[in-house]
Amino acid sequence: MIIKASQRGGGKQLGLHLLRSDENEHVAVHEMRGFVSDDVVGALKEAYAVSKGTRCKQFLFSVSFNPPQDERVDIKTFENTINRLEERNKLIGQPRIIVFHEKEGRRHAHCVWSRINADTMTAQNLSHFKAKCRDLSREVYLEQGWKLPRGLMNSKERDPRNFTLAEWQQAKRQGLHTRNLQEMMAECWAASDSRRAFAHALEERGMTLAKGDRRGHVAVTHDGAVLSIARYAGVKAKDVRARLGEAKELPDVETAKQQMALQMRESVKRHIEEARSQFATSIRPLEKWRQGITSHHRDERSLLSERQEQRWRDEQAERALRLQKGVVGIWQRLTGKVEKIRQQNTAEAYQALLRDRQQTETLISQQLAERQRLQREILAVRRDHAQLLLKLRDERKQHQPERLKKAFARPAESVPAKSAPKPPAKTHTNRPSAQGRLKALRERRAPSRSRSRDGPDFGR
């Protein structure tokens, strides 16, 4: 299971988060150890009060234990994992709280330890706790036989060549075949007798009539491809000019591309809004079903808990009647039957606790199986919607107008011309070099031996 841990403060906020039933379908407090208070928020406030006797601000160690989505994990596995993590971080005997959450058909656990040792009033040092959580998580995956996530693999054993093609290759849109474009262009040419009719026929097929750079008349497709009218329609250039007129009156290729890109982006934007509307419509009955299942499961657990409590009280009363009062009770004490009855009562109470726990686990397992079937349908709808949005956004990105791309380019005026002279390099003419400074220093300390004999007389 994936184990995530953090050192933190804010006991009240953490307690309220652990008890939130709006984000979780079911919340169950499994264990509270080492606290005087009997509720989660009060216990964490108690841990905060103890931490005030120290300088520690992050007095809590909060850990979440998340098993795989489709795996059913019993409480013993959770408890075993929690105890192993507690031992590795040297938190044995520290006050702790264990809370189970159920959400989207998966049960996970939260465990919060108090780092403050009340005897020594010091905080337990949690060195390399993230690495310990990762190692323990890997061990649990291998022990349970679950598929190991790629992030938990040993970094030395990972090989980029193990990645599949679907993990790095994006879906590429397939364009029309050349022959299909030729047939389409020939149909437009045959069905029109003027430039206006021909341009309208091209627009109906997602193309725009424009003025080419080297060709007279061209068609610009929705993805920016430029097609020669004469070549793809199979006619001569003079026939094209005779029917369509001069090309100088038409927009150039760049303008046609920008107009087509803007139109395509608006079209894709409408498709995205329509896809989101369809997703909301398709997910609404599943969400209503999920709310109904959650409410039904809560009622079943509440009813089972009430029945178990009533049975526990009845069994406790029955076991209490075994210890008689009066003369019979005195006789039981004298003969030593009291101790045997107490041992029997303790054993039966423990077996009753195990029985109730197993009944609760069976009910939770059945409910999780039902919830997971619904979650698979929800995930299928979400996956299809995500794939559709990914394709639409990729389509919108491909139709980015050229003018928006050029807006982020460097202006031509800021680029220096090739003929412009380069600025002279900065030189320190007034600052002598290191050798020059050394030479001047020597001349000041000792008289020069190369002085001319004809120089002035210095009192020889």
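If you count, for each residue, the other Cβ atoms within 10 Å and average over each peptide, how do 332-339, 183-190 line up from highest to lowest?
Details: 332-339: 12.5, 183-190: 17.8.
My ranking of the peptides, most packed first, is 183-190, 332-339.
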Can you order the peptides 106-113, 120-127, 70-77 by their average number of other Cβ atoms within 10 Å per residue, highest first? 106-113, 70-77, 120-127
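Count the net charge of all other residues whose Cβ sits under 11 Å from the Cβ of Gly9, scoring Lys and Arg as +1 and Asp and Glu as -1.
Numbers: positive: Arg8, Lys12, Lys57, Arg115; negative: none.
Every neighbour counted, the sum reads +4.
Bear in mind these aren't lab numbers, they're just calculated from the coordinates by the rules spelled out. Note that the structure is a prediction, hence the values are computed from the model and not measured. Ideal geometry is used to build each Cβ from the backbone, glycine not excepted, and the neighbour counts take in all protein chains shown.
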